[in-house]
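This report refers to the structure that appears directly beneath it.
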Amino acid sequence: MYGFNWFEDENSNVFGALTLATHFLFYWVHGLIVLFVLPKDKIKMYKIQKGKEPDQALINKALLHVGLGHAVAVPVGTYFLTLYMVQDMSFDPAEFEIKSCAFYIVLWHILFDTWFYWTHRAAHHPSIYRFIHKQHHEFTSPVGLVAAYCHPFEMLVSNVIPLFVGIIYMNAHIFTLIVWVVFAVLGTQTHHC
């Protein structure tokens, strides 16, 4: 599919290409637009931390960290998710149903929020905070792109697993997966603006 041929079957290549493209477009393009293009005065009125601006050196450090992490983790994660999930997933556009999509999105959000809440709460425990979660809190005035600025263990346990826990156990249509990833990425970035 358009030069994306990691796998022998077309559905796996479609899954891989759509997952990577969706993540790239909605994490990086959206995040960079919010960070560099949108008027700062319009964004400031929605920020919780009034009057605080993140240090540019810290933003640069985070962008490098997140960029390198995504350059490795997203393709590797996509590859393994493809191996595990594609055989049970529907790719036929005629089988896509809005009601089913809405049901899965709500259910996956409940699972995501529950998993994320408890792992994030555990990351604040004094015995592990300084080793795992402190990096994420280097930002006292966060921006959307730094949502994924965290320790690799935290990225896996608190971000990646909750994102896919519902999808792995409940097969759905590929379009539903894409809607979910867009919803989750934009929601996560919005929480960090």
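The values are calculated or read from the model by the stated rules, or taken from the named source; none is laboratory data. Just so we're clear, the structure is a prediction, and the values are computed from it rather than from any experiment. Here the Cβ is made from the backbone with ideal geometry for all residues, glycine too, and neighbour counts use every protein chain on show. Note: areas computed on protein heavy atoms with side chains; ligands, DNA, RNA excluded. Shrake-Rupley method; radii C 1.70, N 1.55, O 1.52, S 1.80 Å.
Some notes on this structure:
- Set 147, 184, 102: member being surrounded by fewer than 17 Cβ atoms within 10 Å (Cβ to Cβ), in a helix (DSSP H, G or I) and among the small types (Gly, Ala, Ser): 102
- Residue in the range 30-42 that is exposed (fewer than 12 other Cβ atoms within 10 Å of the Cβ), in contact with a helix residue (DSSP H, G or I) (Cβ under 9 Å, 6 or more places away or on another chain) and either acidic (Asp, Glu) or within 26 Å of residue 157 (Cα to Cα) (or both) present: no
- Of the residues contained in the range 30-51, none is found to be in a helix (DSSP H, G or I) and among the hydroxyl-bearing types (Ser, Thr, Tyr).
- Pairs with Cβ under 9 Å, 6+ apart, first in the range 153-179 and within 17 Å of residue 135 (Cα to Cα), second of a type in the set (Gly, Ala, Ser) and buried (at least 20 other Cβ atoms within 10 Å of the Cβ): 154/123; 155/148; 157/123; 158/123; 159/147; 159/148
- Restricting the first member to the range 37-60 and to residues that are in contact (Cβ under 8 Å) with a residue 40 or more places away in the chain and of a type outside the set (Val, Ile, Thr), and the second to residues that are exposed (fewer than 10 other Cβ atoms within 10 Å of the Cβ) and part of a helix (DSSP H, G or I), no beta-carbon pair is closer than 7 Å while six or more apart or on different chains.
- Members of the range 108-128 found to be hydrophobic (A, V, I, L, M, F, W, C), more than 13 Å from residue 158 (Cβ to Cβ) and open to solvent by 50 Å² or more (accessible area, probe 1.4 Å), listed by number: 110, 111
- Within the range 91-109, if we keep just the residues that are in contact (Cβ under 8 Å) with a residue 40 or more places away in the chain and under 20 Å from the mean Cα position of the chain (by Cα), the residue that is nearest to residue 180 (Cα to Cα) turns out to be 105.
- Given (1) in a helix (DSSP H, G or I); (2) open to solvent by 90 Å² or more (accessible area, probe 1.4 Å); (3) hydrophobic (A, V, I, L, M, F, W, C), index of the condition residue 131 fails: (1)
- Residue that is part of a helix (DSSP H, G or I) and either of a type in the set (Lys, Arg) or at pLDDT below 85 (or both), where the choices are 114, 176, 78, 140: 78
- Residue, farthest from residue 148 (Cα to Cα), within the range 63-95, restricted to residues that are in contact with a helix residue (DSSP H, G or I) (Cβ under 8 Å, 6 or more places away or on another chain) and among the polar types (S, T, N, Q): 90
- Every test in (1) surrounded by 15 or more Cβ atoms within 10 Å (Cβ to Cβ); (2) more than 23 Å from residue 143 (Cα to Cα) is passed by residue 9 save one, and that test is (1).
- Residues satisfying the stated conditions in the range 94-111, i.e. closer than 17 Å to residue 166 by Cα, among the aliphatic types (A, V, I, L, M) and out of contact with any Phe, Trp or Tyr (no Cβ under 8 Å at 6 or more places or on another chain): 102, 106, 107, 110, 111
- The single residue among 98, 132, 128 that is in contact with an Asp or Glu (Cβ under 9 Å, 6 or more places away or on another chain) and at pLDDT 90 or above turns out to be 132.
- Qualifying position, being within 19 Å of residue 184 (Cβ to Cβ) and β-branched (Val, Ile, Thr), among 110, 48, 43: 110
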